[in-house]
Amino acid sequence: MILIMTLVYGLFLLLDFIPIYRGKNRKITWLYLSLFILSYSMTVLIGFGVNLPSPAPLIKSIITSLGIF
Amino acid sequence: MPKEFITERQGLNMMVLFIIGSTLVVGVTDAAKQDSWLSVILAIIMALPMLMLYARIVHLFPGQDIFMVIHRVFGRIVGKVLSLFFVWYAFHLGVLVIRNFSEFLSEISLTETPQYLIQLVVVILGVWMVKGSIEVLGRWTSFVFNIVLVIIIGICLMAFTETNFANFTPMLYGGFRPVIDGAYSIFSFPLAETIIFTAVLSFLKPGANSYKVYNRGLWIGGGILLAITLGNIGVLGYPFLSTQYYPSYITVSLIDLGTFFRRFEILVAVVFLLCGLVKVSICLFCTANGLAKIFNTHDYRVLLAPVALLNVSLALFIYPSMQAMFEWVNVYRYYAIPFQILLPLLIWICAEAKLRLSKTGAIEKD
Amino acid sequence: MYKGFSEENNWTESLQQNEALLRELFKNDDTIIYRHFENQFNSDLKFAAIFSSGIVNNEIINENIILPIVANNIRLTDKVKLIDVLKNQIIISNDITKTRELDNIIQAILNGNTVLLHDGASEALIINSKDWPTRVISEPENEKGSLGPREGFTESLLINLAMVKRKLKTHELKFKFRVLGSRSQTKICICYIEGLANEAILAELETRLDKIHLDGILDANYIVEFIKDAPLSLFKTVGNTERPDVVAGKLLEGRIALILDGTPVAITLPYLFVEYFQTNDDYYNSFFIASITRIIRLFSFILTISAPAVFLALTAFHQEIIPEPLLLSISLSRQRVPFPTIIEALILGLVFESMREAGVRASSNIGTSLSIVGALILGQAAVDAHFFSAPMLIIVGFTVVAGLMFPKLSGASMILRLILLFFAALMGIYGYIFALSGLFIHLFQIRSFGVPYMSPLNSLNFQDLKDTIIRAPWWYMEYRPKFIGALNRIRQSNGDRKLEKKLR
């Protein structure tokens with residue numbers, strides 16, 4: 001699973017990121033990389049079986065605390 | 001980069017596919033039991049003024065998407081914060097659709113395939129499509145629309161032969177309250193989700209009418225929803241219907257035409273795949289476009305891939321299980337209020353006020 | 001451009017020096033003939049005819065060049081130079097030019113012209129004496145039609161142009177020559193009808209041609225790969241044909257044709273996806289039959305790329321869809337087959353593709369034995385030996401036969417078939433749909449010279465559909481396709497006011 005993920009991310013880096021990196025727009029490069037690393041770390045954690053806190057219960061508790069539910 | 005355009009017809013087709021996208025298999029809420037079809041009609045009527053309001057926002061600033069509008073109306077800082085809200089909504093919607101996708105496929109047949117793989121394929125297709133430009137999405141949608149329409153009409157006609165009209169009675173047994181309750185659910189999912197289109201319809205060809213797109217999209221999409229709901233209730237009946245996660249799929253699986261032609265449910269899955277792909281692509285486009293606007297970069301295309309990957313990452317753990325996904329629908333109707341009603345109202349009022357003020361200002365200058 | 005020709009060894013007035021220059025250039029090329037002769041009345045007038053043997057017409061050189069110069073009494077006056085006298089009064093030729101450019105002289109010799117030098121002149125005459133063996137005009141092997149014109153292009157540019165010219169006798173038909181390839185010096189000709197062809201596309205074509213700096217252009221494909229819009233795509237965005245009637249038809253639709261010297265293949269552009277399914281026969285046949293065959297072709301294309309994938313998906317993932325009797329017979333025949341379906345499909349596909357390729361490459365008299373090997377040994381025996389199951393053999397055999405309907409698409413459809421098969425093996429029918437979606441996304445993305453590749457299939461405008469999915473009768477096709485011939489859309493002026501009104 002992690003192998004597939006890493007492979008996919010690697011492919012994305014190779015095919016998608018390199019032309020963007022060559023574009024020499026530093027803002028885009030940093031934005032791209034930060035989103036990329038964020039999502040990669042999340043998938044790897046999930047791949048290792050870590051239970052990440054989902055935003056769904058959080059939203060749910062906010063709404064219930066507002067007292068509509 | 002030359003300006004991209006979509007035609008009115010392409011916009012309309014996108015909207016219809018967007019509306020029926022995930023609802024087609026998940027089905028509309030069954031809060032109103034056998035009167036759900038009344039809820040659908042009520043929801044369409046409820047959604048009409050809201051959608052006209054969205055169309056108004058598009059119409060007020062031709063050629064500018066919702067993020068530009070927000071930026072213009074509220075200034076830089078507030079505009080960015082509000083834009084971020086919308087980006088989150090589009091992003092989250094994309095996550096939900098992707099998760100829907102993989103849950104559905106792995107439930108009905110791909111039990112062995114990891115969901116991650118399904119989500120990845122969907123997202124890669126979406127990225128590929130939007131990377132081509134919004135025009136590609138438009139052309140693809142128009143092409144797919146005809147196929148989808150033919151399949152849905154065929155399914156509805158076939159469902160008609162299996163309909164048991166006793167399933168529709170007793171009418172309004174539970175009174176009007178559940179009908180209204182269900183209508184609101186249908187309003188928030190999927191009708192008012194078309195708020196996303198305020199970021200898409202800015203690409204309409206000059207001279208195209210955004211009201212027309214919203215109006216017709218609502219009626220055609222709503223009409224298809226109504227037909228599906230009628231078919232589901234007619235074939236399955238209420239109590240059985242509510243035990244199913246994917247009622248349309250089950251409905252169609254019950255239809256036989258002779259002994260040779262049967263098990264058409266694969267067609268439902270195909271339609272869902274096509275519509276869902278459109279929905280995912282639009283959400284991806286909206287998220288990437290909003291992010292690009294927030295960070296003052298012009299090309300949204302470069303952000304598509306990381307946004308899509310992040311979408312998949314979140315889709316992996318947003319719900320612990322399929323049951324949680326279906327429970328979320330009850331939360332969603334409240335969760336969506338700020339994005340679907342409050343923010344658009346705020347934007348609309350401020351935009352109108354701003355335009356009026358600037359107009360009078362212009363006159364005074366003369 | 002040519003090494004060794006700097007300012008100092010320029011073209012001089014001395015015949016000997018000039019000839020030495022050429023001999024130095026054409027050193028070790030024994031096909032170049034240097035023929036010296038004199039005027040019989042005035043032996044001071046010395047001439048040399050230089051030409052390349054084998055690509056010249058000896059008769060022209062003997063009787064129209066050498067004979068008049070030798071036999072005539074050339075009277076010299078002070079006013080007129082000898083070279084002009086030769087050009088205007090002596091030599092009998094319809095194409096004769098005077099030059100002092102070394103490049104021109106070299107090219108003239110290489111092209112089969114005769115260069116005439118005379119002592120005391122710094123200029124040379126280039127006399128057209130081209131003549132080389134050409135193939136006779138015959139019907140192209142790869143684009144046979146059952147009806148309509150039978151002629152096909154040959155390897156000679158001028159003959160090809162003549163064939164197009166004879167079909168369209170209008171002064172609006174334009175032929176623009178240019179030379180490509182630094183070593184092959186291939187002449188190419190851009191043909192279009194002024195007023196119909198889109199000027200923007202024409203300009204785009206010229207700029208793309210300007211960028212080619214290849215040394216040899218031997219076939220149309222050398223150019224196609226340079227000017228293609230989507231160079232990595234499986235699909236052609238530039239068309240090719242060997243038939244002059246097809247070229248004329250495309251020109252009338254507002255397309256542009258490129259005809260090359262040395263190859264019978266002409267290029268037409270822009271090229272759209274629907275053109276794969278249009279054949280010249282469609283226009284010569286009754287429109288009913290043409291429409292039906294066109295629809296069959298469209299379906300066959302979808303079948304040829306997807307039959308193995310769908311079969312695999314159904315048998316491996318969605319057995320519930322297959323009706324029981326069919327499922328029973330399929331599983332019965334698969335009972336003793338050792339391979340999984342995907343391996344079976346891959347191996348069989350490989351076998352059939354290699355047989356197809358062998359059929360193309362092998363000499364034609366092996367064809368019968370090839371078919372025996374294919375039908376009996378690979379087909380019957382493989383099933384009897386339980387190597388492969390009969391249904392799979394039928395499916396793969398059908399895909400190959402259906403694929404033969406589109407010789408221009410065979411490579412692409414083979415690869416597409418593999419891709420679809422792969423995704424079907426991964427995710428069943430859903431994977432297949434995903435892959436198909438990807439294919440269409442790609443098709444909607446690419447353009448051919450600015451025209452969306454899938455038009456008019458994405459607009460579904462009835463006027464434009466008249467010549468895509470069906471072939472409407474000729475009297476019904478009032479307009480040219482909008483996406484190409486936008487300049488002058490009315491195709492038939494039959495005095496019908498309604499038509500012109502609709503156009504506005």
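The values are calculated or read from the model by the stated rules, or taken from the named source; none is laboratory data. As the structure is a computational prediction, the values presented were derived from the model and not from experiment. Glycine gets a Cβ as well: all are built from the backbone with ideal geometry, and neighbour counts include every protein chain shown. For the accessible areas, the whole protein counts, side chains as well, though only heavy atoms, and no ligand, DNA or RNA atoms are used. Shrake-Rupley method; radii C 1.70, N 1.55, O 1.52, S 1.80 Å.
So the values come out like this:
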{"item": "Accessible surface, per residue, of the range B:8-365 when the full set of protein chains is kept, probe 1.4 Å, Å²", "result": "36 Å²"}
{"item": "Among B:Ile153, B:Ile250, B:Ile41: highest mean-square fluctuation, GNM of chain B, C-alpha pairs under 10 Å", "result": "B:Ile153"}
{"item": "Mean accessible surface per residue for the range A:2-65, computed with a 1.4 Å probe while every protein chain stays in place, in Å²", "result": "64 Å²"}
{"item": "Buried solvent-accessible surface, both chains (B, C), 1.4 Å probe, Å² to nearest 100", "result": "2700 Å²"}
{"item": "Candidate aspartates and glutamates for bridging to B:Lys212, where Cα separation is under 12 Å - those fewer than 8 sequence places away on the same chain excluded", "result": "B:Glu8"}
{"item": "Inter-chain shielding of C:421-432 (mean C-beta neighbours from other protein chains, 10 Å cut-off)", "result": "4"}
{"item": "Solvent-accessible area, 1.4 Å probe, carbon plus sulfur percent, for the range B:95-142", "result": "53 percent"}
{"item": "Leading residue at positive end of dipole, the range C:157-271 (Cβ point charges), from C:Ile217, C:Leu232, C:Pro264", "result": "C:Pro264"}
{"item": "With every protein chain in place, chain C: carbon and sulfur % of accessible area (1.4 Å)", "result": "58 percent"}
{"item": "Across C:Lys27/C:Lys98; C:Lys228/C:Lys408; C:Lys167/C:Lys408; B:Lys205/C:Lys174; B:Lys279/B:Lys354; C:Lys98/C:Lys130, pairs whose alpha-carbon gap is larger than 27 Å", "result": "B:Lys205/C:Lys174; B:Lys279/B:Lys354"}
{"item": "R0 of 60 Å, Cβ-Cβ distance C:Ile321-C:Leu158: FRET efficiency to nearest 0.05", "result": "0.50"}
{"item": "Relative contact order %, the range B:8-365, counting alpha carbon pairs below 8 Å whose residues are six or more apart", "result": "39 percent"}
{"item": "B:His59 paired with A:Val44, simple spin-label distance in nm, labels 7 Å along Cα-to-beta-carbon", "result": "5.2 nm"}
{"item": "Filtered trypsin sites (Lys or Arg not before Pro), the range C:307-365: DSSP coil and at most 10 other beta carbons within 10 Å", "result": "C:Arg336"}
{"item": "Accessible surface buried once A binds B (1.4 Å probe; total of both sides; Å²)", "result": "2800 Å²"}
{"item": "Residue-level accessible surface for B:Lys359, protein heavy atoms, 1.4 Å, Å²", "result": "140 Å²"}
{"item": "Computed [θ] at 222 nm, helices only, for chain C once each DSSP H run of length n ≥ 4 contributes -39500 (n - 2.57)", "result": "-12500 deg cm²/dmol"}
{"item": "Kyte-Doolittle at least 0.5, axis length at least 24 Å by Cα - qualifying DSSP helices, chain B", "result": "B:36-60, B:76-108, B:115-132, B:134-162, B:210-236, B:265-294, B:301-317, B:343-365"}
{"item": "Cβ neighbours within 10 Å from other chains - mean over C:434-444", "result": "6"}
{"item": "Most to least packed among C:46-57, B:154-165 [average Cβ atoms within 10 Å]", "result": "C:46-57, B:154-165"}
{"item": "Under the span-like rule (Cα at least 24 Å along the axis, Kyte-Doolittle mean at least -1.0), DSSP H helices of chain A", "result": "A:26-47"}
{"item": "Chain lengthening between B:Asn330 and B:Ile147 when straightened (0.36 nm per residue, less Cα-Cα)", "result": "62.7 nm"}
{"item": "Largest to smallest principal axis extent of the C-alpha atoms in the range B:166-226, angstrom", "result": "50, 19, 13"}
{"item": "Alpha-carbon centroids, chain A and the range B:144-171: separation in whole Å", "result": "40 Å"}
{"item": "Largest-first ellipsoid semi-axes for the range B:8-365, taking √(5λ) over the Cα gyration tensor eigenvalues, angstrom", "result": "35, 23, 18"}
{"item": "Estimated [θ] at 222 nm from DSSP helical runs (n ≥ 4, -39500 (n - 2.57)) normalised by residues in chain A, nearest 500", "result": "-22000 deg cm²/dmol"}
{"item": "Assigned charges on the beta-carbon of Lys, Arg, Asp, Glu; the protein assembly as shown dipole about Cα centre (debye)", "result": "2560 debye"}
{"item": "Normalised per residue, the volume of the convex hull around the Cα set of the protein assembly as shown (Å³)", "result": "261 Å³"}
{"item": "Shape category assigned to the range C:341-412 from the gyration tensor of Cα positions, a/c cut at 1.5", "result": "oblate"}
{"item": "List of the range B:132-173 residues, accessible area with partners at least 50 Å² below that of the chain alone (1.4 Å probe)", "result": "B:Arg139, B:Trp140, B:Phe143"}
{"item": "Cβ neighbours within 10 Å from other chains - mean over B:308-319", "result": "6"}
{"item": "Average accessible area per residue (Å²) across chain C - probe 1.4 Å, nucleic acids and ligands excluded", "result": "49 Å²"}
{"item": "Three-way shape label, the range A:2-65, alpha-carbon gyration tensor, a/c 1.5", "result": "oblate"}
{"item": "Overall form of the range C:227-385 per C-alpha gyration tensor (a/c, 1.5; a/b vs b/c)", "result": "prolate"}
{"item": "Calculated FRET efficiency for the pair C:Arg208/C:Ile302, C-beta based, R₀ 22 Å, to 0.05", "result": "0.10"}
{"item": "At least 27 Å along the helix axis (C-alpha) and Kyte average at least 0.0, DSSP helices within chain C", "result": "C:287-316, C:341-361"}
{"item": "C:Glu225/C:Phe339 FRET efficiency (R0 41 Å; Cβ-Cβ; nearest 0.05)", "result": "0.60"}
{"item": "Cα-centre dipole for chain C with unit charges at Cβ (Lys and Arg positive, Asp and Glu negative), debye to 20", "result": "1680 debye"}
